[in-house]
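**Q** Submitted below is the structure of interest, expressed as structure tokens.
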Amino acid sequence: AQSVSQHNHHVILSEAASLELGCNYSYGGTVNLFWYVQYPGQHLQLLLKYFSGDPLVKGIKGFEAEFIKSKFSFNLRKPSVQWSDTAEYFCAVSGGYQKVTFGTGTKLQVIP
Amino acid sequence: ETGVTQTPRHLVMGMTNKKSLKCEQHLGHNAMYWYKQSAKKPLELMFVYNFKEQTENNSVPSRFSPECPNSSHLFLHLHTLQPEDSALYLCASSQRGAGGLNEQFFGPGTRLTVL
């Protein structure tokens, strides 16, 4: 069975600070990896995804994530956060043809 | 706007009521999903439909009954719910291909409160 672990439940940063949100998964085979974001009052939407190829994936709004297979990790990064990045971030994994499994989410609060 | 709509957006019901949640996708996708989102818990997959056929029932109690009349519409029929069923119910759709799962597009959700 696959699982996802997000270690930080609540992160508070000042504007312009750098962001890294941790995501670790467990699954023995090939995986597809996703980061979704949910802005206050809005629907879940895809931030970025990794299927294959370059392990450094760039998404919307300056976000990127790096797939490190040896560490079973897919951490999300942004060099300089903005107040508008305040949201909840979900890591998700899909192993092969399996369903997508989501993490518990990390709430990011950016202080102006 | 993601192309996935859900109605109603808010629903309050008693434990003896029967109600239905509706989801419609305008993206031409072939798979649709129901998720339950509760505070401090991971997003829980409830049901998956591929080409109108249910392919996943994630040990969901029978008081939740899904229906998928065509690949664009998905319903969740509710009856004799419990207060612990109060949550945000999300619908999603995706295009499932030979390569596996693609990204899912989510609706805004229905905020359900069971009294």
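**Q** Only four residue types carry charge here, +1 at the Cβ of Lys and Arg and -1 at the Cβ of Asp and Glu. Report the dipole size of chain B about the Cα centre in Debye, rounded to the nearest 20.
**A** Computed about the Cα centre, the dipole is about 280 debye.
**Q** Quote the relative contact order of chain A in percent (integer), defining contacts as alpha-carbon pairs under 8 Å separated by 6+ residues.
**A** 38
**Q** Ignoring ligands, DNA and RNA, how do A:Lys49, B:Lys41 rank by accessible area with a 1.4 Å probe, largest first?
**A** Largest to smallest exposure gives the sequence B:Lys41, A:Lys49.
**Q** I would also like to ask the following. If DNA, RNA and ligands are ignored and the probe is 1.4 Å, what is the ranking of B:Ser65, A:Ser84, A:Ser73 by accessible area, most exposed first? Don't skip to the answer; put the middle values down first.
**A** Working: B:Ser65 45, A:Ser84 70, A:Ser73 10 Å².
Greatest to least solvent exposure: A:Ser84, B:Ser65, A:Ser73.
**Q** Okay, next question. Given contacts defined as C-alpha pairs under 8 Å and at least six residues apart, what's the relative contact order of region B:1-57, whole-number percent?
**A** Numbers: 64 pairs, mean separation 14.0, N = 57.
Relative contact order comes out at 25 percent.
**Q** Using Cα pairs under 8 angstrom and six or more residues apart, how large is the relative contact order of region B:6-115, in percent? Mind showing how you got there, number by number?
**A** Details: 265 pairs, mean separation 39.9, N = 110.
Value for region B:6-115: 36 percent.
**Q** Once label points are set 7 Å from the Cα along Cα→Cβ at both A:Glu66 and A:Gln45, what is their separation, rounded to one decimal in nm?
**A** Each label point is offset 7 Å from its Cα along the Cβ direction, giving 2.8 nm.
**Q** Here's another thing I want to ask about it. Please report the spacing between the Cα centers of region A:45-80 and region B:53-83 in Å, no decimals.
**A** Value for the Cα centre distance between the two parts: 33 Å.
**Q** Additional query: What's the magnitude of the charge dipole for chain A around its Cα centre, counting Lys and Arg as +1 and Asp and Glu as -1 at the beta-carbon? Answer in Debye, nearest 20.
**A** Taking the Cα centre of chain A as origin, the dipole is about 220 debye.
**Q** Would you mind working out the magnitude of the charge dipole of the protein assembly as shown relative to its Cα centre, with +1 at each Lys and Arg C-beta and -1 at each Asp and Glu C-beta, to the nearest 20 Debye?
**A** I would put it at about 260 debye.
**Q** Output needed: percent of Cα pairs per 10 Å distance bin for chain A, bins running from 0 to the one holding the longest distance.
**A** Result returned by the calculation: 15, 50, 28, 6, 0.
**Q** Further question on the same structure: Can you flag which of A:Lys61/A:Lys107; B:Lys19/B:Lys40; A:Lys49/A:Lys78; B:Lys19/B:Lys52; A:Lys107/B:Lys22 are past 19 Å Cα-Cα?
**A** B:Lys19/B:Lys40; B:Lys19/B:Lys52; A:Lys107/B:Lys22
**Q** Please work out how much length the chain gains when fully extended from A:His10 to A:Thr104, using 0.36 nm per residue of separation minus the C-alpha to C-alpha distance, in nm with one decimal.
**A** Full-extension gain reported as 32.8 nm.
The values are calculated or read from the model by the stated rules, or taken from the named source; none is laboratory data. Please read all numbers here as calculations on a predicted model, not as lab measurements. Note: ideal-geometry Cβ built from the backbone for every residue, glycine included; neighbour counts use all protein chains shown. What goes into the accessible areas is simple: the full protein's heavy atoms, side chains included, and nothing from ligands, DNA or RNA. Shrake-Rupley method; radii C 1.70, N 1.55, O 1.52, S 1.80 Å.
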